[in-house]
Amino acid sequence: MNVFSYSEIRLIIAKSTSSNNIFLPYLKSGGIKPKLFPQRISLIKTIKTYIKKYCHNSDKYNVLYLSILYLDIILSKNKISLSHDKNLKYLCLCCFLLSLKLIGTYDTSRKIISNFCRNYKQEYKFFEAQCLMLLEHNLVYTTTYDYLNMILIKEPRKIVSICNSLLYQICEESIYTCYSPFYISIAIIQLAKNSINDKSHNHYDKYFQDENVKTLIKKLKNVVNIPSITTAGINRRSEERRVGKECRS
């Protein structure tokens with residue numbers, strides 16, 4: 001988001017929230033079936049493993065949250081059987097690679113396909129084509145991580161760190177699939193500010209008074225641990241070390 005000025009960011013967010021829709025507009029009506037949520041958690045953990053193993057630059061979290069968004073859209077279509085282990089593997093890999101290619105690290109994605117899919121390249125290509133159809137060939141979305149980066153562009157690093165830690169937890173929860181990325185980002189910012197009693201003003205703090213945001217805050221408090229300034233970075237590093245061990249095992 002460094003390519004945009006502050007005024008441009010304000011305009012982007014204003015246009016993207018003009019409909020005032022707090023729910024996810026791109027999930028199929030009814031959203032993801034509750035029975036799929038346990039598998040969704042497992043799939044996201046696998047994507048996080050891929051991020052740790054293959055992404056080593058500043059774009060890794062852009063790739064992560066865009067991958068999760070693709071996953072949620074595809075799961076909401078309920079067209080892929082998750083009872084087959086191979087489908088689970090392909091789905092994780094496909095969402096990750098599509099995100100990786102869109103963000104711009106195409107060479108990395110090509111190497112992963114060459115190595116990871118060495119024995120089933122054609123089968124994977126067919127699966128990816130199916131996923132693209134379920135995504136209606138639309139790969140450009142604004143994720144919660146994008147909104148946080150835009151809204152927090154002038155905020156202290158400590159707030160950004162806590163927000164990132166909260167998002168890393170929340171993305172695995174079912175509630176993450178119920179609200180739009182903008183409103184999730186607003187709720188995360190409020191939780192982060194409250195956790196350190198931060199009274200500084202941000203233009204988007206006005207949304208804290210939205211009744212939908214208040215409801216969302218209450219729900220999020222039941223599913224996450226609110227980190228302090230000190231523990232935010234520690235918790236995130238601990239999670240990344242755990243994922244690193246999983247990659248090596």
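List the number of the failed condition for ASP198; all other conditions in (1) under 19 Å from TYR26 (Cβ atoms); (2) open to solvent by less than 50 Å² (accessible area, probe 1.4 Å); (3) not in a helix (DSSP H, G or I); (4) not aromatic (Phe, Trp, Tyr) hold.
Exception for ASP198: condition (1).
Among the residues of segment 55-85, which ones are touching a Ser or Thr at 6+ places or on another chain (Cβ under 6 Å) and aromatic (Phe, Trp, Tyr)?
Listed by number, the list holds a single entry, TYR65.
Residue by residue through segment 128-181, note down the ones that are of a type in the set (Val, Ile, Thr), open to solvent by 30 Å² or more (accessible area, probe 1.4 Å) and under 15 Å from the mean Cα position of the chain (by Cα).
VAL140, THR142
Looking only at segment 82-106, filter to residues that are polar (S, T, N, Q) and at pLDDT below 90; which one of those is least open to solvent (accessible area, probe 1.4 Å)?
Applying the filter and picking the extreme gives THR105.
Out of (1) of a type outside the set (S, T, N, Q); (2) closer than 29 Å to PHE23 by Cβ; (3) modelled with pLDDT under 90, the odd one out for ILE186 is which?
(3)
From SER76, SER109, which residue is over 15 Å from GLU136 (Cα atoms) and either in contact with a Phe, Trp or Tyr (Cβ under 9 Å, 6 or more places away or on another chain) or not aliphatic (A, V, I, L, M) (or both)?
SER109
Might you check whether a residue that is crowded, with 18+ Cβ neighbours inside 10 Å and at pLDDT 90 or above occurs anywhere in segment 12-26?
Checked segment 12-26: no residue is crowded, with 18+ Cβ neighbours inside 10 Å and at pLDDT 90 or above.
Does any residue of segment 167-183 turn out to be closer than 19 Å to LYS154 by Cα, part of a loop (DSSP other than H, G, I, E, B) and out of contact with any Gly (no Cβ under 9 Å at 6 or more places or on another chain)?
There is no residue in segment 167-183 that is closer than 19 Å to LYS154 by Cα, part of a loop (DSSP other than H, G, I, E, B) and out of contact with any Gly (no Cβ under 9 Å at 6 or more places or on another chain).
Among the numbered conditions (1) farther than 23 Å from CYS178 by Cβ; (2) open to solvent by 20 Å² or more (accessible area, probe 1.4 Å), tell me where SER109 comes up short.
Single failed check for SER109: (2).
The values are calculated or read from the model by the stated rules, or taken from the named source; none is laboratory data. As the structure is a prediction and not an experimental result, all values here were calculated from the model. FYI the Cβ positions are ideal-geometry reconstructions off the backbone, even for glycines, and counts take in every protein chain you see. Keep in mind that these areas ignore ligands, DNA and RNA; they rest on the heavy atoms of the full protein, side chains included. Shrake-Rupley method; radii C 1.70, N 1.55, O 1.52, S 1.80 Å.
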